[in-house]
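Worksheet: one structure, shown below.
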Amino acid sequence: MKIQTWFPTSIAVVEDVISKKEHNFLKNKILKLNKAEAHPQWHSNVKTSYGKYDLTFDKDFDNLIEQTRLHTIKFAKTMGSYDGYKVKQSWYVVYNEGDFQEYHAHDNSIFSSVYCFTNPKNSAPLVFRNPVKDMLPMGRVKPNQYSFYNVMYNLKPGQLIIFRSYLDHSVSLCKNKTPRITMACNIS
């Protein structure tokens, strides 16, 4: 039997996007900037600059945002798209103990990304939900690349995850004692 995959869900993982020196500088800048509050439409109390402080307008983040754009263009080419994508919006998120992010997708965007600055012990994974709305799931499934319902990424510092914006994703309940810090982008 030959199995074909016609509706794959692709997620790009890029390591070592920027230098360690730049990574540490930006992480420390976020910690200094972190006067963010919880977003009023989110169920959790996670601190974010979303809608308040857009990192695309902060020159210190220019290189990381440009690297995100270039890697997104490479990723899009693997799917047959040769458009000149640009980062339209970027924000930081600081997860403390007890924080989480409910499932959501990013409207009005083609690609989204998450860059990891810190992911301390007991941090929660980034979770993607299968976009196929299976009305009657198969029974007795040993998950593999054809049958996963959720995929979890335990992010590593310096790692960039790029995905289509329609993918529902979340962050599970954090139990970390020091902040889990990420930067998110919307790209169109």
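Pairs under 7 Å by beta carbon, first residue free of Cβ contacts under 8 Å to residues at least 24 places away in the same chain in the range 98-120, partner outside any strand (DSSP E or B) and open to solvent by 50 Å² or more (accessible area, probe 1.4 Å), six or more apart or different chains?
none
Considering the range 102-117 alone, what residues qualify as being in contact with a Leu (Cβ under 9 Å, 6 or more places away or on another chain) and either in a strand (DSSP E or B) or over 19 Å from Ala76 (Cβ atoms) (or both)?
The answer is Ser112, Ser113, Val114, Tyr115, Cys116, Phe117.
Are any residues in the range 63-100 open to solvent by 30 Å² or more (accessible area, probe 1.4 Å) and hydrophobic (A, V, I, L, M, F, W, C), and if so, which ones?
Leu70, Met79, Phe100
Identify, please: which residue in the range 2-15 is at pLDDT 95 or above and either open to solvent by 60 Å² or more (accessible area, probe 1.4 Å) or not in a strand (DSSP E or B) (or both) and is, among those, farthest from Asp168 (Cα to Cα)?
Initially, the range 2-15 is screened for residues at pLDDT 95 or above, giving 11-15.
Narrowing further to those that are either open to solvent by 60 Å² or more (accessible area, probe 1.4 Å) or not in a strand (DSSP E or B) (or both): 13, 15.
Values: Val13: 17, Glu15: 23 Å.
Among those residues, the one meeting the criterion is Glu15.
Here are some conditions: (1) closer than 22 Å to Asn24 by Cα; (2) open to solvent by less than 10 Å² (accessible area, probe 1.4 Å). Ser165 meets all but one. Which one does it not meet?
Evaluating Ser165 over (1) closer than 22 Å to Asn24 by Cα; (2) open to solvent by less than 10 Å² (accessible area, probe 1.4 Å) leaves (1) as the failure.
Name the pairs: first residue in the range 150-172 and assigned to a loop (DSSP other than H, G, I, E, B), second residue buried (at least 20 other Cβ atoms within 10 Å of the Cβ) and of a type in the set (Gly, Ala, Ser), Cβ to Cβ under 6 Å, at least 6 apart or on different chains?
That search, which allows pairs on different chains as well, returns Ser165/Ser112; Ser172/Ala124.
What pairs can you find where one residue is in the range 57-75 and closer than 25 Å to Leu31 by Cβ and of a type in the set (D, E, K, R), the other is open to solvent by less than 40 Å² (accessible area, probe 1.4 Å) and in a helix (DSSP H, G or I), and their Cβ atoms are less than 7 Å apart, with a gap of 6+ or different chains?
Hits for this filter: Asp60/Leu26.
Name the residues in the range 140-157 that are open to solvent by 70 Å² or more (accessible area, probe 1.4 Å) and aromatic (Phe, Trp, Tyr), would you?
Tyr146, Phe148, Tyr149
Select from the range 122-164 the residues that are among the aromatic types (Phe, Trp, Tyr), at pLDDT 95 or above and within 20 Å of Met79 (Cα to Cα) and list them in ascending order. Show your work before the answer.
Residues of the range 122-164 among the aromatic types (Phe, Trp, Tyr): 128, 146, 148-149, 153, 163.
With the extra rule that they be at pLDDT 95 or above, the set shrinks to 128, 153, 163.
Within the range 122-164, Phe128, Phe163 meet the criteria.
Say we look at the range 120-129 and pick out the residues that are touching an Asp or Glu at 6+ places or on another chain (Cβ under 9 Å) and in a loop (DSSP other than H, G, I, E, B); which of these is most open to solvent (accessible area, probe 1.4 Å)?
Asn122
Quick check on Pro8: is it within 28 Å of Lys133 (Cα to Cα) and not basic (Lys, Arg)?
Details: within 28 Å of Lys133 (Cα to Cα): yes; not basic (Lys, Arg): yes.
Yes.
Could you grab me the full set of residues in the range 16-53 that are open to solvent by 40 Å² or more (accessible area, probe 1.4 Å) and closer than 16 Å to Ser113 by Cβ?
Across the range 16-53, the qualifying residues are Asp16, Tyr50.
The values are calculated or read from the model by the stated rules, or taken from the named source; none is laboratory data. Source: prediction; values computed, not measured. A quick note on method: Cβ atoms are made from the backbone with ideal geometry, for glycine too, and the neighbour counts reach across all protein chains shown. Just so you know, the surface numbers come from the protein's heavy atoms only, side chains and all, with ligands and any DNA or RNA stripped out. Shrake-Rupley method; radii C 1.70, N 1.55, O 1.52, S 1.80 Å.
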